[in-house]
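Note sheet for the following structure.
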Amino acid sequence: MSILVDNNTRLVVQGITGKEGSFHARGCLEYGTKVVAGVTPGKGGVIHEGIPVFNSVIQSVQETGANTSLIFVPPAFAADAILEAADAGIAVIVCITEGIPALDMVKVSRYLQGKTTRLVGPNCPGVISPGKAKVGIMPGHIHLPGPVGVISRSGTLTYEAVWQLTQRGIGQSTCVGVGGDPIIGTNFVDCLHLFRDDPQTEAVLLIGEIGGTAEEEAATFVKAHIDRTVIGYVAGMTAPPGRRMGHAGAIIAGGKGTATEKVHAMEAAGIRVCRSPAEMGVMVEKSLQGK
Amino acid sequence: MKIHEYQAKEILAAYGVPVPKGEVVTAASDAKRVASRLGGTVVVKAQIHAGGRGKGGGVKLARSAEEAERIASAILGKPLVTPQTGPEGTIVRQVLIEEGVDIRRELYAGIVLDRKASMPVVMASEAGGMEIEEVAARSPEKILKVAVDPAVGFSAFAGRKLAYGLALDGGLAAQGADLFSKLYRVFQEKDCSLAEINPLVQTGGGLLALDAKITFDDNALFRHQEIVALRDLHEEAPLEVEASRFRLSYIKLDGNVGCMVNGAGLAMATMDIIKLAGGEPANFLDVGGGASAEQIENAFRILLADKGIRAVLINIFGGILRCDRLAEGLIQAVKTLQVKVPVVIRMEGTNVELGRQMLDESGLNFLTASTMGDAATRAVEAAKGVHRS
């Protein structure tokens, strides 16, 4: 097992004819993901990278049975692309686009309430279940199938963590980049919920960063509902307050959202928190060995 | 993006929110002219983005036009130090001259994005004039909150709920409810991340926005050219402005180990590990996922403009990025820019061995490392060992 994406994933790539969309659709295909369709309004009927392109998501669903979407649409139109995918009944939407206005995401979140569609992102690297499916922009070869679930708000820092695991021969069940924006579809708690019900996942590595309260909410959930090992790391110990650290959501506002607060909340919930980002792999290894 | 108080008040006034009469000026003589036109007691307010201006001596009462001129002349062109500016302060280039107001009560009105609820939340409090974070920490029960469902918008009842919650009655309650609804329209239509009136004052003549602060969602600026036009580059660090031109995300800090990283999370983690290794990071710098040769050269130029740097740590997790190409870009940039400080490189990606070999054999001041921890230790040691004459 694994979560969100697996061998049953049938992927449609929205914005497939753009530079990013083309490149990463090919990357997903090469990894072994069933990329069944692409969508670019106005380019329906074309075959791009060997993949049939449709004018709308609903057409792609009807023609190919697509159940998962990967979005590379530019920021001004990305919220609309998410709504379109949800309307077409897509089960898992992964939105890579960075720079979507926050108030557009407020509307999207409201629209998704009560629907079964799950949105991952935006501003994220995507989701990968090693050996099964890659739905995102991460380098597939650094991953290895195995027992560790990885959840993170960033991209390359997740690759760093995964690489530390793989080099120790520790594989991953699923790695989810939830995204660096203030308003995202799937949060840490949602992922923890899914990992709790996944028999393949024996331990979870939770990589947080400054800003917001997602880590604190995850800590509360872990304490009450998770009985397997959770290892944590929080980036931004040296980040100055009031500055947006690259990610729109990574900001200490009004003295809240500091790394120290988050580390304390996580430790109080029994999560083993690494002080150094270089220790993520070794800490997971020790935890799996019961040390 | 931040704007000045006077700009925020202009936006509020355009939406029908009452603000004090006043005018922003850049010369003390104009301060006198405006003060005499307004008549009576006026307030001279330094216009800088940082908060805490009152505590720093940037907000003063003047009982005559001559006094207004004297105060303006003492403030203009000089640095103002507040609890939020840092010890060097910020140069005041404009002052706002406003009519004096008879204040009966100081209230608070503000709107922020609630990340957890994924909705804007409108807040009101009778504890006006204080920082809302302080009120939230000490007595959260004093803050009234209404989350706004985007499908419905800001309802009239929500405005009344807040107005009556602030113990406004009669005509004031109606004015208050209307004011909250106007503030919400500003937040919504201008894509704000914060719209705050603090204090919102009750005067003999009704409610008035005595101070205002608005910040905008950077991601939405593409659809607000009128807001982009309000940007004041004087308020931003010159290197950060330069970096933003190349779409590099750069924030200057006080340390001496410069860093260049692809990705925001990894960049923060790299700063943290420099600190753990006993050094101090000089900056945050995210060159983006791709790390092209051109971006690396731009990034180097920005880093080296900071004269306090004693070593540079480059941490690139490329994955599919070709490390030999990266090495080529690095060697080129170091030669072109005549980089003198030691450069420690940690990279991952395809052809990583070849990339390292190219750097080692370049004859330049490169040190390669295979892990983040190793890289941080080397960079910190290098920074301590450099003696420039």
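If you go through region B:127-174 and pick out every residue that is touching a residue at least 40 places away in the same chain (Cβ under 8 Å) and either of a type in the set (Ser, Thr, Tyr) or part of a helix (DSSP H, G or I) (or both), you end up with 3. In the set A:Gly99, A:Gly155, A:Gly136, only one residue is at the interface with another protein chain (Cβ under 10 Å from one of its Cβ atoms), of a type in the set (Gly, Ala, Ser) and crowded, with 20+ Cβ neighbours inside 10 Å; that residue is A:Gly155. Restricting A:Val53, A:Val12, A:Val57 to those that are crowded, with 24+ Cβ neighbours inside 10 Å, without any contact (Cβ under 8 Å) to a residue 60 or more places away in the chain and on the phi < 0 side of the Ramachandran plot reduces the list to A:Val57. Would you confirm, using the coordinates I've provided, whether B:Ile273 is among the β-branched types (Val, Ile, Thr), out of contact with any Cys (no Cβ under 9 Å at 6 or more places or on another chain) and more than 11 Å from every other protein chain (Cβ to nearest Cβ)? Against the criterion (among the β-branched types (Val, Ile, Thr), out of contact with any Cys (no Cβ under 9 Å at 6 or more places or on another chain) and more than 11 Å from every other protein chain (Cβ to nearest Cβ)), B:Ile273 does not qualify. Among the residues of region A:139-152, what is the count of those that are at the interface with another protein chain (Cβ under 9 Å from one of its Cβ atoms) and either on the phi > 0 side of the Ramachandran plot or in a loop (DSSP other than H, G, I, E, B) (or both)? Residues meeting the conditions: 1.
Yes/no matrix, rows are residues, columns are (1) within 13 Å of chain A (Cβ to nearest Cβ); (2) in contact with a helix residue (DSSP H, G or I) (Cβ under 8 Å, 6 or more places away or on another chain); (3) surrounded by fewer than 18 Cβ atoms within 10 Å (Cβ to Cβ); (4) closer than 17 Å to B:Lys182 by Cα:
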position	(1), (2), (3), (4)
B:Ser139	no, no, yes, no
B:Lys142	no, yes, yes, no
B:Ala147	yes, no, yes, yes
B:Leu162	no, yes, no, yes
B:Leu172	no, yes, yes, yes
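Restricted to region B:281-294, and to residues that are at the interface with chain A (Cβ under 8 Å from one of its Cβ atoms), under 23 Å from B:Arg310 (Cα atoms) and not hydrophobic (A, V, I, L, M, F, W, C), which residue is nearest to the chain's Cα centre (by Cα)? So, considering only residues that are at the interface with chain A (Cβ under 8 Å from one of its Cβ atoms), under 23 Å from B:Arg310 (Cα atoms) and not hydrophobic (A, V, I, L, M, F, W, C), the one nearest to the chain's Cα centre (by Cα) is B:Asp286. The numbered conditions (1) within 30 Å of A:Ala278 (Cα to Cα); (2) without any contact (Cβ under 8 Å) to a residue 60 or more places away in the chain; (3) within 11 Å of chain A (Cβ to nearest Cβ); (4) part of a helix (DSSP H, G or I) are all true for B:Phe222 except (1). Annotation note: Cβ proximity below 9 Å between a residue of region A:245-263 that is farther than 22 Å from B:Cys259 by Cβ and facing chain B (nearest Cβ under 7 Å) and a residue that is at pLDDT 85 or above and part of a strand (DSSP E or B) (sequence gap 6+ or interchain) occurs for no pair.
When B:Asp191 is tested against (1) farther than 21 Å from A:Ile100 by Cα; (2) in contact with a helix residue (DSSP H, G or I) (Cβ under 9 Å, 6 or more places away or on another chain), exactly one condition is not met: (1). Filtered by the rule that a residue be assigned to a loop (DSSP other than H, G, I, E, B), over 16 Å from the mean Cα position of the chain (by Cα) and either at the interface with chain B (Cβ under 9 Å from one of its Cβ atoms) or of a type in the set (Gly, Ala, Ser) (or both), region A:180-231 gives A:Ile210, A:Gly211, A:Gly212, A:Thr213. Checked against the criteria, A:Pro240 counts as modelled with pLDDT under 95, under 23 Å from B:Ala264 (Cα atoms) and of a type outside the set (Asp, Glu).
The values are calculated or read from the model by the stated rules, or taken from the named source; none is laboratory data. All figures in this text were calculated on a predicted structure; none of them were measured in a lab. For neighbour counting, all protein chains shown are included, and Cβ atoms are generated from backbone atoms with ideal geometry for every residue, glycine included.
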